[in-house]
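The values are calculated or read from the model by the stated rules, or taken from the named source; none is laboratory data. Fair warning: this is a prediction, and the values are worked out from it, not measured in the lab. Ideal geometry is used to build each Cβ from the backbone, glycine not excepted, and the neighbour counts take in all protein chains shown.
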Amino acid sequence: MAMEVATPIHAPVTSPASNILLSATTVVETQKKNRIQVSNTKKPLFFYVNLAKRYIQQHNEVELSALGMAITTVVTISEILKNNGLATEKKVLTSTVGMKDENKGRIVQKAKIEIVLGKSDKFDSLITPVTNDIAPEDEEAKTEEKPTLQAKTDAEGKE
């Protein structure tokens with residue numbers, strides 16, 4: 001008489017491909033620090049553009065990923081960074097992912113994209129480093145409006 005044993009959800013599972021022990025905690029640890037999962041409904045476009053700039057500054061590259069309708073947003077972010085000379089395209093991956101549709105309760109295939117952008121050679125000259133050290137004589141400068149990246153490139157174009 002065969003007996004079936006149920007495995008608890010939080011029990012470690014071995015991957016058949018490599019026999020590596022996986023658990024719920026290792027999934028969180030292996031999530032990349034330079035990955036941005038883009039949504040086209042939660043944040044505005046330039047939130048992601050500025051976040052990607054910061055990630056490139058800190059990690060020398062950024063991975064943008066999106067599902068379904070947010071794919072166009074990721075492509076737009078990538079093109080903005082490339083056209084401004086801040087990033088170079090390293091890798092583009094496309095795939096489909098099975099997701100459970102909450103309304104119908106069945107598995108639905110969704111398109112997925114991952115774009116890896118690297119720091120361009122001109123990045124450091126285009127982006128001024130963010131510093132928190134402000135000299136006392138620069139106290140007034142805190143309230144003044146700083147020129148944006150767009151203003152800087154417009155000024156260079158007029159010279």
Q. How many residues does the range 54-79 contain that are more than 13 Å from Val116 (Cα to Cα) and not small (Gly, Ala, Ser)?
A. 9
(Q) Residues that are at pLDDT 60 or above, at least 1 per element: which helices (runs of 4 or more DSSP H) completely within the range 1-95 meet that? (A) 45-59, 71-83
Q. Out of all the residues in the range 63-77, is one or more surrounded by fewer than 19 Cβ atoms within 10 Å (Cβ to Cβ) and under 16 Å from Lys32 (Cα atoms)?
A. yes
Q: Under 7 Å between Cβ atoms, at least 6 apart or on separate chains: pull out the pairs that start in the range 97-113 with a residue that is over 17 Å from Gln37 (Cα atoms) and end on any residue that is charged (D, E, K, R).
A: Ile107/Lys100; Val108/Asp101
Q) Restricting the first residue to the range 45-74 and requiring it to be over 22 Å from Asp121 (Cα atoms), which pairs with a second residue that is acidic (Asp, Glu) meet a Cβ separation below 8 Å and a spacing of at least six or different chains? A) Ser65/Glu114
